[in-house]
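Enquirer: Got a structure here, written out as structure tokens. Questions coming.
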Amino acid sequence: MSYHGLTRRGFIQLAGAGAALAGLGVAHADPQSADAIWIGNHLETRLLGPDGQAIVGLPRWTRMRVLGGLPNGQIRVWVPRFNLTGLVAANAIGPIPAPSPDDLEAEKLDGPPLLGGVGMPGRIVGGGNLRTWPVVGSNLLRTLGHNAPVRVLDSVEGDDGDEWYRVNGLDSKTFEAVTLGYLHHSVVRLPRLPFVAVSPDRGDTPGRHFEADLREPALITAFEDGAPVWSTLTLKGTVSHRTPSGVHRVLWRVPNETMTSERVYPPIPRNAPGGYYLTGVLWTQYFTSDGASIHYNYWSGNWGYAGSHGCLGIGYYEARFAWEWADVGTPVYVFT
């Protein structure tokens, strides 16, 4: 691609003149409008978010429409290839001719070989490197920690012949998409489909329900009208205090409570072996009459493994989501 006859100084002046467009949503106006300024990156680079963190890798000559210039040497752009907006460094780009609709559509199809669609929420197991392309190399986008939320879009064949996932990395508080890249399939825990119980009863699957898969790393998934919409790794019961398998429902809910072993049957003194006394346990949703529940767990971070007295303990923002999403009567299917 050429620079369309413009000097870099002239381009930066044009970008600065476009600053008034920033924030007005013009990125999704007609891409072929006469006043659109288009650029391409002559170096592999990253699209950055407002926090300076990388959102997605940009292969060379990715087309971008200018939204505005910033005084720190960055340009605010819309990237049709990924339908994302963000910031790029001015020293990595230059002007290009306005692309045709066919050019933009072809660019969206430019990627690794597709193995199949996935479209499911997942979690990172142990830790994972989100990369700009499905191969190990100098292409690191972000490092994601254990239990980081992702949404797997599809399965692709990497340059190494392995299966990789194209994923959206999600914000850990809001679960909104913040990045786009590739993860090796081995570091992602996905819901197992279809769920099969010892005594299956799926007549009430329309609507909302939870499925707790106790196979390690244990995962609890929220389903809406049969489709998985959210998931998280969860603590589960130990060998001596197993999480009860089967078909359950949320029986009652407590927004903030004190949990003590002195109220279980048979009661255990709080200071005795196996005893406990925990204050400020948020968003507890009981699904058995003897106390098994989904709740916020602040005293352990061993997500995905045994460590409870039978409850499904999850993180703060995860427990808040589950509380706001479910209600009394929501089915809870637990299986191994």
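The values are calculated or read from the model by the stated rules, or taken from the named source; none is laboratory data. Source: prediction; values computed, not measured. FYI the Cβ positions are ideal-geometry reconstructions off the backbone, even for glycines, and counts take in every protein chain you see. Heavy atoms of the whole protein, side chains included, go into the accessibility calculation; ligands, DNA and RNA do not. Shrake-Rupley method; radii C 1.70, N 1.55, O 1.52, S 1.80 Å.
Enquirer: How far apart, in nanometres, would the label points at Arg60 and Tyr265 be if each is projected 7 angstrom from Cα along the Cα-to-Cβ direction?
Expert: If labels sit at Arg60 and Tyr265, their model points lie 7.2 nm apart.
Enquirer: At 1.4 Å probe size, with every protein chain present, just tell me what the per residue accessible area of the chain comes to in Å².
Expert: Normalised by residue count, the accessible surface of the chain is 47 Å².
Enquirer: If you roll a 1.4 Å probe over the chain with all protein chains in place, what percent of the accessible area is carbon or sulfur?
Expert: 54
Enquirer: Pull up the DSSP beta bridges for segment 185-336 and report the antiparallel fraction as a percent, rounded to 5. Please report the intermediate quantities before stating the final value.
Expert: Numbers: 25 of 34 bridges.
Roughly 75 percent of the beta bridges in segment 185-336 run antiparallel, per DSSP.
Enquirer: Need one number: % antiparallel among DSSP beta bridges in segment 256-317, to the nearest 5.
Expert: Beta bridges within segment 256-317, antiparallel portion: roughly 65 percent.
Enquirer: Determine ³J(HN,Hα), in whole Hz, for all residues of segment 225-239 in sequence, where each value follows from phi through the Karplus function 6.51 cos²θ - 1.76 cosθ + 1.60 and θ = phi - 60°; x replaces Gly and Pro.
Expert: 6, x, 10, x, 10, 6, 8, 7, 5, 9, 5, 9, x, 7, 4
Enquirer: Does segment 234-336 classify as rounded, prolate or oblate by the C-alpha gyration tensor (a ≥ b ≥ c root eigenvalues; a/c under 1.5 gives rounded; else a/b over b/c gives prolate, otherwise oblate)? Could you put the intermediate results ahead of the total?
Expert: Values: a/c = 1.40, a/b = 1.29, b/c = 1.09.
The shape class here is rounded.
Enquirer: Once the other residues with Cβ under 12 Å from the Cβ of Gly310 are scored (Lys, Arg +1; Asp, Glu -1), what is the net sum? Display every interim value, and only then the final one.
Expert: Details: positive: Lys236, Arg242; negative: Asp290.
Every neighbour counted, the sum reads +1.
Enquirer: Now, a different point. Output wanted: per-residue J couplings in Hz (rounded whole) for segment 82-97, from phi through Karplus 6.51 cos²θ - 1.76 cosθ + 1.60, θ = phi - 60°, x for Gly and Pro.
Expert: Calculated HN-Hα couplings, in order: 10, 6, 10, 10, x, 10, 10, 6, 5, 7, 10, 10, x, x, 9, x Hz.
Enquirer: In the chain, if the dipole is taken from +1 on Lys/Arg beta carbons and -1 on Asp/Glu beta carbons about the Cα centre, which of Pro80, Gly304, Leu114 is farthest to the positive end?
Expert: So the residue we want is Gly304.
Enquirer: Once amide H atoms are placed 1.01 Å from N in the peptide plane, what residues at a sequence separation of 5 or more from Ile37, or on another chain, have their amide H within under 5 Å of its amide H?
Expert: The answer is Val66.
Enquirer: In addition: Long-range amide H contacts for Trp230: which residues qualify at under 5 Å (H placed 1.01 Å from N, peptide plane, sequence gap of 5 or more or a different chain)?
Expert: Ala222
Enquirer: Over its Cα atoms, what ratio of radius of gyration to 2.2 N^0.38 Å does segment 98-217 give?
Expert: With N residues counted in segment 98-217, Rg over 2.2 N^0.38 Å equals 1.24.
Enquirer: Can you work out the Karplus-derived ³J(HN,Hα) for every residue in segment 295-310? Use 6.51 cos²θ - 1.76 cosθ + 1.60 with θ = phi - 60°, whole Hz, and x for glycine or proline.
Expert: Here the 3J(HN,Hα) series is 7, 5, 10, 9, 9, 8, x, 7, 4, x, 9, 5, x, 10, 8, x Hz.
Enquirer: Taking 0.36 nm per intervening residue step and subtracting the Cα-Cα distance, what contour gain separates Glu105 from Leu153 on full extension?
Expert: Difference between extended and current length: 15.4 nm.
Enquirer: Once the Cβ-Cβ distance between Asp35 and Glu324 is put in as r, and R0 is 56 Å, what FRET efficiency do you end up with, to the nearest 0.05?
Expert: The value I calculate is 0.85.
Enquirer: For the charge dipole of the chain, defined by +1 on Lys and Arg C-beta atoms and -1 on Asp and Glu C-beta atoms about the Cα centroid, which residue among Val125, Ile39, Ser100 has the Cα displaced farthest towards the positive pole?
Expert: Positive-most Cα among the choices belongs to Val125.
Enquirer: Report D for the chain in µm² per second (integer): Stokes-Einstein, Kirkwood Rh on Cα pairs, 37 °C, 0.692 mPa s.
Expert: 146
Enquirer: When the helix-only estimate is applied to the chain (DSSP H runs of n ≥ 4, each -39,500 (n - 2.57), divided by the residue count), what is the mean residue ellipticity at 222 nm, nearest 500 deg cm²/dmol?
Expert: Value at 222 nm, helices only: -2500 deg cm²/dmol.
Enquirer: Near the amide H of Tyr333, under 5 Å away, which other amide H atoms are found, from residues 5 or more places off or on another chain, if H is placed in the peptide plane?
Expert: Counting only residues 5 or more places away or on other chains, the set is Phe210, Glu211, Ala212, His248.
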